[in-house]
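Visitor: Input: one structure, supplied below.
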Amino acid sequence: MDSLKKYVAEFIGTFILVFIGCGTAMTVGCDYVKGSGYILTAFAFGLAIVMIAYGVGNISGGHVNPAVSLGVLISGGMSAIDFVGYVIAQCLGAFAGSGLLALIFSLGDIEDMTGGFGTNGLAGVSDSIAAGLIVECVLTFIFVVTILGVTSKNQKHGSFGGLVIGLTLVGIHILGIGLTGTSVNPARSLGPALVAAIDGNTKPMSSLFVFIVAPLVGGMLAALVYKALESKKEQ
C-alpha cells in the first residue's frame, strides 16, 4: 500500500511538472530572441519542482523523473521494483498532463506557441544528434548531482532543499531551452511527444530517443560520481 501511495504521488507530481512547465511554454512560447517567454518557461519548470517538492515530496521523494529515480536506485536509495513503479507512474503522469493541455487548448481554441505541446527538439543545435546527447547528458548530470547532494544524509539545507532543486532546474532551463528545449527528464519528453503524435505531429518522435537515452546516462553518471565522492569523504 505504501508503494502504491508513492506511485500515485509520482503520477501527480509529474502531471504537475508537465502541466505547469509545458503549459507555460505552449502559452508564452520559448523564443530566446524575445526573451520573456524563454525566462517564464524556465521559471515555470523550476517553480513546478518547488510545488512538487513541498506537495508530494514527503510521500515519494518527488523524483518525477526517471533519470533522478535511476540516480537514486544506483545510490542505494530505492529498490528495483520501486524504480520500475516510479518510472511507469512518471510516464503516465506526463502523458496525462500533456493530454489535458491538448484538451484545454483545443476546446479554448488557443494557439500552441511551441507548435508541439512543449516537446523537445534539436533545432537549437542544428539537428545535431551528438550535440543534443551531450547537452542533455551534461545538464542531467548537473541536475541529479544537485539532487543527490541536497537529499544526502549529510546535507544541511533543511527545509530549503526543494527550493534549491527548483532553482537549479531554472538555471538548467535558461541554458538548455535554446539548445534542446531542455528535457533532463525522459518522462517529460515522452508525454508531450506521444500526445503530439496522436495529434498528427510525429516530428518530435524522430529525436525522442535523445531525450530518453541522454538523461538516463547523465543520471547514471551523476550517481556513480557522487557515490564515489561521498564515500571518499566518509573515509
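Visitor: Which helices, taking whole DSSP H runs in the chain, have alpha carbons extending 15 angstrom or more along the helix axis plus mean Kyte-Doolittle at least 0.0?
Guide: Values: long enough: 2-28 (39 Å, 1.11); 36-55 (27 Å, 1.73); 80-107 (41 Å, 1.76); 129-150 (31 Å, 2.56); 161-180 (28 Å, 1.92); 186-198 (18 Å, 1.12); 210-234 (35 Å, 1.01).
Helices meeting the span and hydropathy rule in the chain are 2-28, 36-55, 80-107, 129-150, 161-180, 186-198, 210-234.
Visitor: Which loop-located trypsin sites (Lys or Arg not before Pro) does the stretch 144-235 contain, where loop means any DSSP state but H, G, I, E or B and the Cβ has at most 13 other Cβ atoms within 10 Å? Walk me through the numbers on the way to the answer.
Guide: Values: sites: Lys153, Lys156, Arg188, Lys227, Lys232, Lys233; in loops: Lys153, Lys156.
Passing sites in the stretch 144-235 are Lys153, Lys156.
Visitor: Given +1 on the Cβ of Lys and Arg, -1 on the Cβ of Asp and Glu, and no further charges, what dipole in debye does the stretch 2-234 carry about its Cα centre, rounded to the nearest 20?
Guide: Values: 10 positive and 12 negative charges, 140 e Å.
With Lys and Arg at +1 and Asp and Glu at -1, about 680 debye.
Visitor: If you don't mind, there's one more thing I want to ask. Only helical DSSP H runs with n ≥ 4 go in: add -39500 (n - 2.57) per run for the chain, normalise by residue count and round the 222 nm mean residue ellipticity to 500 deg cm²/dmol. Spell out each step's value before the answer.
Guide: On the way: 10 runs with 172 residues, N = 235.
For the chain, the value works out to -24500 deg cm²/dmol.
Visitor: In what sequence do Glu10, Glu111 fall when counting other Cβ within 10 Å, fewest first?
Guide: With the sparsest Cβ surroundings first, the list reads Glu111, Glu10.
Visitor: Please work out how many pairs of lysine residues in the chain are eight or more positions apart (or on different chains) and have Cα atoms closer than 20 angstrom. Please report the intermediate quantities before stating the final value.
Guide: On the way: Lys153/Lys227; Lys153/Lys232; Lys153/Lys233; Lys156/Lys227; Lys156/Lys232; Lys156/Lys233.
So the count works out to 6.
Visitor: Between the stretch 141-210 and the stretch 45-121, how many Å separate their Cα centres?
Guide: After rounding, the separation between the Cα centres reads 9 Å.
Visitor: In cubic angstrom, how much convex hull volume per residue do the alpha carbon atoms of the stretch 27-79 span? All intermediate terms of the calculation are to be shown ahead of the outcome.
Guide: Working: hull volume 5.0 nm³, N = 53.
It comes to 94 Å³ per residue, whole-number rounded.
Visitor: Counting pairs of alpha carbon atoms under 8 Å apart in space and at least six apart in sequence, what relative contact order in percent does the chain give? Don't skip to the end; give the middle numbers.
Guide: Values: 412 pairs, mean separation 69.3, N = 235.
Computed value for the chain: 29 percent relative contact order.
Visitor: To check my understanding: the extent here is largest minus smallest coordinate of the Cα atoms along each principal axis. What are those three numbers for the chain, in Å, largest first?
Guide: So the extents along the principal axes, rounded to whole Å, are 57, 40, 29.
Visitor: Can you find, among Ala223, Ile49, Gly85, the residue farthest towards the positive end of the dipole of the stretch 2-234? Put +1 on the C-beta of Lys and Arg, -1 on that of Asp and Glu.
Guide: Farthest towards the positive pole: Ala223.
We did not get these values from a lab; they are worked out from the coordinates using the rules stated. Keep in mind that what you see is a predicted model, and the values were worked out from it rather than measured. Cβ coordinates were reconstructed from backbone atoms using ideal geometry, including for glycine residues, and neighbour counts include every protein chain displayed.
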